[in-house]
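Remarks on the structure that follows.
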Amino acid sequence: MALLVQCEFRVKQSDHEPEFIRLARALASAAATEPGTLRYQWFVAQRPGHYSILEEYVDAAAAETHNANVGALLVELFSVAELVSISFYGALNKYLRDWATGRDGVSVHVPL
């Protein structure tokens, strides 16, 4: 079952914005070659310093694989931006359930 993920980020300081954009583009480039990634699209929000991403994977295992593949880039991204919110739509595996447990701004939506 496919997994859709929507995240919103806020750049910590305005002078970090060029680095955030560089990292967002590097993440998108990496995701483009992953067989389990169906969609990986960044959006600029109307509020300054806010960005959103829509990610779609064939399943939760593909999302886990993506995170493992881009771990170093994610560390860099979180040094210049904070995760405001993340919403999961679909079934989560143990890795994602454990990651989401106890975090602020996380919502999980499972199929009916």
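The values are calculated or read from the model by the stated rules, or taken from the named source; none is laboratory data. Every value quoted in this text rests on a predicted model; they were computed, and no experiment measured them. Cβ coordinates were reconstructed from backbone atoms using ideal geometry, including for glycine residues, and neighbour counts include every protein chain displayed.
Things to note:
- Remark: L112 matches the filter, which requires a residue to be hydrophobic (A, V, I, L, M, F, W, C), at pLDDT below 95 and farther than 19 Å from R39 by Cα.
- If you go through the range 44-94 and keep only what is among the charged types (D, E, K, R) and not in a strand (DSSP E or B), you end up with R47, D59, E64, E76, K94.
- Single residue of S52, S79, S29 found to be modelled with pLDDT of 95 or more and within 13 Å of the chain's Cα centre (by Cα): S52
- Matching residues, the range 44-86, being loosely packed, with under 13 Cβ neighbours inside 10 Å and more than 20 Å from D104 (Cα to Cα): V44, Q46, R47, P48, A68, G71, A72
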